[in-house]
Amino acid sequence: MSKTNFWNDLGWGVGPILLGLVLTTLALMAVGADPARAYATMWTGAFGAPEKFSNVVDAWVPLVLGSVGLLITFTAGLWNIGIEGQMVMGAIGAAWVARTVDLPAPVLVPLLLVAGALGGALWALLAGALKVYGRVHEIFGGLGLNFVAMGLALYLIIGPWKRAGIASTSGTEPFPPAAWLPNWPGLSVGPIEIALALVSLALVYLALRGTLWGLQLKAIGKNARAAFWLGVPTQRHWLGAFALCGAFAGLAGAEQAAGVWARLIPSISGGYGYLSILVVLLSGFQAGGVPFVAFFFAAVTKGSVALPLDLQIDSALGGVLQGMIVLLYVLSQGVRAKFR
Amino acid sequence: MRLEFQHIHKHFGAVHANNDISFTIEAGTIHGLLGENGAGKSTLMKILSGFIRRDAGEIRLDGHAVEFKNPAEALHLGVGMLHQDPLDVPPLSILDNFLLGRQTRLIQDRSAARADLQTLSQRFGFDLDPDAPVASLTVGERQQLEIVRLLSRGARVLIFDEPTTGISLPQKVKLFETLRLLAQQGMTIIFVTHKLADAEDLCEQVTVLRLGRVVGQVTRPFTSAQLVQLMFGQTFATRERAAVAPGEPVLELRDLCVADYRLRVPHITLTARAGEIIGLAGIEGSGQRLLLRACAGLDAPVAGEIRIAGAKMNRQPYRAFLARGVGYLPAGRLEEGLVAGLNLTEHFILARRTREWLVNWNAAQNHARARIAEFNIRGDPASRVESLSGGNQQRALLALLPLDLKLMLLEHPTRGLDIESTLWVWQQLLERRQRGAAILFSSADLDEILEYSDRILVFSGGRVAQALEGRETSAQQLGELIGGKGL
Amino acid sequence: MDTNLIVLTLASVLADSSPLVFAVIGETLGEKAGITNLSLDGTILLSAMVGFAVAFTTDNLYLAFLAAMLVGASVASIVAFSSIVLKLDQIAVGFVLTMLCADLSTFFGNPYVRKPGPAVPHLAMPGLGEIPVIGKIFFDQNAVVYLSLLVILAVWWWIYKTQPGLQLQSIGERPAAAFARGANVNAQRFVYTVLGGALVGFGGAAYSLFVKLGWSYHHTSGIGWIALAVVIFGGWHPIRGAIGAYIFGGLQSLSGLAQSVPAFANVPTQVFQTAPFALMIVALLLVSNQAIDRFFSGSPISRKVWQSLRGAPPGALGTVFEQE
């Protein structure tokens, strides 16, 4: 890469972020808030103390896992908006194991993670089958299934899995301690989650780059017709991509249930599925950018949690900032291509 | 309306599609425009009808130089074009299509338009039901609608682009009758065609284009021999060719019928043996592509039987055809064959269809380098396919086909290639034949068909003629058959 | 069940479905021209919020609806600009806008959460409202409901009965043919997308100003997605789309009734709330699946009936038009 190219790329990358910050600042001023204090609050909310920082990592893990899965589906040219529901089904799968299987932690935890991945994969396969066999666009299939999955989680929480005596939307009975992912003392995050995220990222990065399967997926995503001509089984790969993405999403859901909440709650997926889509868009569909963009987004998400408490500003500010940046980035890519 | 082209030039990138074209067409005549694919006919007609802008030159209507920025302006000045695939809106009714672009008021005067449509239809003896959806019409009927529509908008110069390609014989008779009537009424008719017989039948004068230039003009009376001479630039001498003893049957077609939404070609029966080259001749879109794709397992035939090396292959998936040693070379290089965004190495890996799980990039690169050298592709292993020239893309496509194929199905294998590349491609194909492959190829180039085919299958007007012996066929004969004469 | 209850139920379905109707009609208009505005769910949320906020602060309903329409038009203009001028993927831009608008609605809507505000007043049509049954269902409503009925008819009339509407159809079906007949394809695509967005915005305000009064977090509960699916289900036809919207509304109120049936007493409300989305998938499966096509193609009559029921997307939906 030549030097001018590098600065060019940097400008086109940083520009949208700066402009996004400017617009978000205007939004803050519009509601009469002090932008400097708001950003300071977000900063301390994310990095002010070790336990705050561990919350950021809590959000980073599902974002990375979700993005890793989405890298697969996007490579195959698919919009897996159903990822949010796949996370929920992962959490449900993990909760089911945690509630029904009585085994020591070293066996139970892996089992529960596998159940989560399976739950997500099956749910994703449903969206995939709807697309491949039913010709229902994956956006509608996936989105509809998201709502169904969330409804199912709610039903379980209020119905069959309700806490003894009270049916409340606050969640199920906590899992038995053997089903908890081990955390570092005083923090809400442990080594297993981080290892899961990093290993998944590395695996998918390598698989997409280094295997025949990854190459075939890439060919399908760019030109399914030509890929078919070259002998790539397109339908099978589409279904496989859905299942794998669902597995990573399910893993994220299981991790949230067993690692962060230690129970099933209604909004267990926390919007991390949809947010992962934004992460991948802003990473330019490249695995290399994912951990950093995910970290930025996790910090913004967790940092803005402090806003309503300290400044009476809605925490959706974080989402506004994220959405603004991704929108401007996508638009800037179009402008760049047009005037090249 | 008298129409003059003066020194028209048009470039597309490096291609000089129209090179100093000048000629005149008198009002009230039917003027033929003849040429091979890529001769520049379409470009010239799109310029005349306002779809594209010329780079230089002048168009004069009745002596006045005219300019138009878009087709609507061209039509306003009296130039209307009928496209090969009629440029109408199929889900809408005939009346709606007739109304489109005709009135500018908010509420249409449908009854006036209906009356207009009916009067005009009657004048030419067209049977158009105003309320029928255009999607339900044949190409011939859609042409009739377009004729009526353009006339009602005041067209005085009418361009017909390959109008006889998708229509039946009675419709063709009707169309010719209409064109003569229009000419009598003082319209200027430009008839763009490949078909010698049609030109001979209909046109008072014919201008022939080749490689973007006017290469000749003939005025009635003329013979199709003269046209062939002008179109292909030479008369064909019979050639010597190495005799090949055909081997086992590789491909057997029994009463096969292939079809798409607009064309149906029934009763194809053919046996291709190892070492045989069969050329598929005909105007593009006469069914050659349908046959090739059916034999490749990409489209299911409507009826009949396909056998490859003895085994019945109907309803088998594409992969089964691949496994049996069938290779298909599509014409749409970047649409159907190559994946834009991937490089050559990646293509070679995909095409090898190995069971290897991990990609050995070093080995793949070496393999790619070897194939690139072997197939003389100007590019390196990391070149993205969309950055290659057309000729090199074609070489890459050929290189992607396995070496040990039993049956090669090639769609326009040398289209758009320079002479050197063309010779090279054929040298490759002849080598493959020596190794026992049977080859079916389609081409718009009669010379190519005659030079290489052991047998020739001529497609015309939804029919396939009995296979001709390549050795015994003359260009004259072939040209006439393609033009629908004596089929 | 007595007739009175049925009449009341039908009347409430007609009223409660009106935001969905506006959204479906608006989106149909844009898609007819060839552009998918996937941001619908976000647009509705944001316009519902803005509509309520303006009504709350100014006490002026006209201003409220106007502001909501402006929001819808602005979001749609981003979609139109990015797909026509920048040639960007309509799905990517639409999705990002969905997310952004949802967060904007939450952020700016915070001060208005669960505040009582003005509502669209009831307005029985004098005379017509007295007609038994019909009058109760159709003419004992408010101005927004009347307008929703009017919009269905007006858009249907515009598309199928006027010259510009004919051109609109040709632009979405075969832009090259429209261009050859003198249409400025991209300019018209822009206008219809923005106009459609304004209608969607109007629907958003209808939601927060009478169907579900007020403002709360994610107040419109996903009807934007339902609207997108109903456009497909309705075969890109305004009247069939509206019927689809009423079917969804009707089934939703049926599920409301089902909750009062003892057999379903243990099923939580939240489960019923997901029913429309399951229904959405089933509906799309019904109109997209080839197996169902084959089933109906058995006899010529059933094939004709089915084809006229399902409708086809505009031929050039989602594609870029470029003059040669």
Practice task
Find the residue count for the stretch B:458-471, including only residues that are within 15 Å of residue B:448 (Cα to Cα) and out of contact with any helix residue (DSSP H, G or I) (no Cβ under 8 Å at 6 or more places or on another chain).
Solution key: 2
Fill in the blank from the handout: Restricted to the stretch A:246-295 and to residues being within 14 Å of chain C (Cβ to nearest Cβ) and of a type in the set (S, T, N, Q), the residue farthest from residue C:97 (Cα to Cα) is A:267
Problem - Hits in the stretch B:318-368 (condition: more than 8 Å from chain A (Cβ to nearest Cβ) and polar (S, T, N, Q)) - result: B:343, B:345, B:360, B:362, B:365, B:366
Handout entry: Residue pairs meeting the criteria (Cβ under 7 Å; at least 6 apart or on separate chains; first of a type in the set (D, E, K, R), in the stretch C:53-69; second crowded, with 22+ Cβ neighbours inside 10 Å and at pLDDT 95 or above)
Key = none
Practice task
Return the residue satisfying two criteria in turn: it lies in the stretch B:28-77 and is in a loop (DSSP other than H, G, I, E, B) and surrounded by fewer than 15 Cβ atoms within 10 Å (Cβ to Cβ), and of such residues it is farthest from the other protein chains (Cβ to nearest Cβ).
Solution key: B:63
Problem - Condition met for residue A:213 (closer than 17 Å to residue A:80 by Cβ and among the aromatic types (Phe, Trp, Tyr)) - result: no
Practice task
Sort out which residues of the stretch A:163-188 are surrounded by fewer than 16 Cβ atoms within 10 Å (Cβ to Cβ) and either at the interface with chain C (Cβ under 9 Å from one of its Cβ atoms) or closer than 30 Å to residue C:276 by Cβ (or both), and write them in order of number.
Solution key: A:163, A:166, A:167, A:168, A:169, A:170
Practice task
Check residue A:332 against each of (1) closer than 23 Å to residue C:79 by Cα; (2) at pLDDT 90 or above; (3) within 9 Å of chain C (Cβ to nearest Cβ) and name the one condition it does not meet.
Solution key: (3)
Completion exercise
Filtering the stretch B:78-89 for residues that are within 7 Å of another protein chain (Cβ to nearest Cβ) and not hydrophobic (A, V, I, L, M, F, W, C) leaves a count of 1
Exercise for the section: Tell me, yes or no, whether the stretch C:292-300 has at least one residue that is surrounded by 15 or more Cβ atoms within 10 Å (Cβ to Cβ), modelled with pLDDT of 90 or more, assigned to a helix (DSSP H, G or I) and not basic (Lys, Arg). Expected result: no
Fill in the blank from the handout: Across (1) more than 22 Å from residue B:290 (Cβ to Cβ); (2) part of a loop (DSSP other than H, G, I, E, B); (3) of a type outside the set (Ser, Thr, Tyr), residue B:444 clears everything bar (1)
Handout entry: Test: residue in the stretch B:150-159 that is assigned by TED's automatic domain parsing to the domain that holds residue B:47, touching a Ser or Thr at 6+ places or on another chain (Cβ under 9 Å) and over 19 Å from residue B:101 (Cβ atoms)
Key = no
Practice task
Return the only residue of B:383, B:387, B:453, B:443 being small (Gly, Ala, Ser), without any contact (Cβ under 8 Å) to a residue 12 or more places away in the chain and out of contact with any Lys or Arg (no Cβ under 6 Å at 6 or more places or on another chain).
Solution key: B:387
Handout entry: Subset of the stretch A:67-91 that is of a type outside the set (D, E, K, R), part of a helix (DSSP H, G or I) and within 14 Å of chain C (Cβ to nearest Cβ) - its residue that is surrounded by the fewest Cβ atoms within 10 Å (Cβ to Cβ)
Key = A:74
Completion exercise
With criteria (1) out of contact with any strand residue (DSSP E or B) (no Cβ under 7 Å at 6 or more places or on another chain); (2) outside the structural domain of residue B:246 (by TED's automatic domain parsing), residue B:420 comes up short on (2)
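Wholly within the stretch B:254-341, which strands (runs of 3 or more DSSP E) include no fewer than the required count, namely at least 2 residues that are free of Cβ contacts under 8 Å to residues at least 60 places away in the same chain?
B:264-273, B:303-308
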Practice task
With the condition kept exactly as written, say whether any residue in the stretch B:356-368 is surrounded by 15 or more Cβ atoms within 10 Å (Cβ to Cβ) and under 36 Å from the mean Cα position of the chain (by Cα).
Solution key: yes
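Taking into account only those residues within the stretch C:119-142 that are in a loop (DSSP other than H, G, I, E, B) and of a type in the set (Val, Ile, Thr), which is farthest from residue C:4 (Cα to Cα)?
Restricting attention to the stretch C:119-142, the residues satisfying the condition of being in a loop (DSSP other than H, G, I, E, B) are C:119-121, C:125-127, C:131-133, C:139.
If we keep only those that are of a type in the set (Val, Ile, Thr) as well, we get C:120, C:131, C:133.
Values: C:120: 24, C:131: 14, C:133: 8 Å.
Result: C:120.
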Handout entry: residue B:92 vs. criteria of a type outside the set (Phe, Trp, Tyr), in contact with a Pro (Cβ under 6 Å, 6 or more places away or on another chain) and either more than 13 Å from every other protein chain (Cβ to nearest Cβ) or over 20 Å from residue B:155 (Cβ atoms) (or both)
Key = no
Completion exercise
Pairs returned, first residue in the stretch A:79-91 that is farther than 16 Å from residue A:115 by Cα, second residue that is acidic (Asp, Glu), beta-carbon separation under 6 angstrom, 6 or more apart or interchain, are A:79/A:138
Exercise for the section: Select from the stretch B:173-195 the residues that are surrounded by fewer than 19 Cβ atoms within 10 Å (Cβ to Cβ) and at pLDDT below 90 and list them in ascending order. Expected result: B:173
Exercise for the section: Please work out which residue is nearest to the other protein chains (Cβ to nearest Cβ), limiting yourself to the stretch A:308-320 and to residues that are over 20 Å from residue C:94 (Cβ atoms) and touching a residue at least 60 places away in the same chain (Cβ under 8 Å). Expected result: A:317
Completion exercise
Within the stretch B:97-109, of all residues that are buried (at least 17 other Cβ atoms within 10 Å of the Cβ) and modelled with pLDDT under 90, the one nearest to residue C:170 (Cα to Cα) is B:101
Fill in the blank from the handout: Within the stretch B:369-379, of all residues that are at pLDDT below 90 and exposed (fewer than 14 other Cβ atoms within 10 Å of the Cβ), the one farthest from the other protein chains (Cβ to nearest Cβ) is B:378
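If I filter the stretch A:274-285 down to residues being without any contact (Cβ under 8 Å) to a residue 60 or more places away in the chain and over 10 Å from the mean Cα position of the chain (by Cα), which single residue comes out as surrounded by the most Cβ atoms within 10 Å (Cβ to Cβ)?
A:282
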Exercise for the section: Name the one entry in A:47, A:53 that is surrounded by fewer than 16 Cβ atoms within 10 Å (Cβ to Cβ), at negative phi and in contact with a helix residue (DSSP H, G or I) (Cβ under 9 Å, 6 or more places away or on another chain). Expected result: A:47
Completion exercise
Scanning the stretch A:215-237 for residues that are within 8 Å of chain B (Cβ to nearest Cβ) and touching a residue at least 40 places away in the same chain (Cβ under 8 Å), the one surrounded by the fewest Cβ atoms within 10 Å (Cβ to Cβ) turns out to be A:222
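The values are calculated or read from the model by the stated rules, or taken from the named source; none is laboratory data. These numbers come from a predicted model, not from an experiment. A quick note on method: Cβ atoms are made from the backbone with ideal geometry, for glycine too, and the neighbour counts reach across all protein chains shown.
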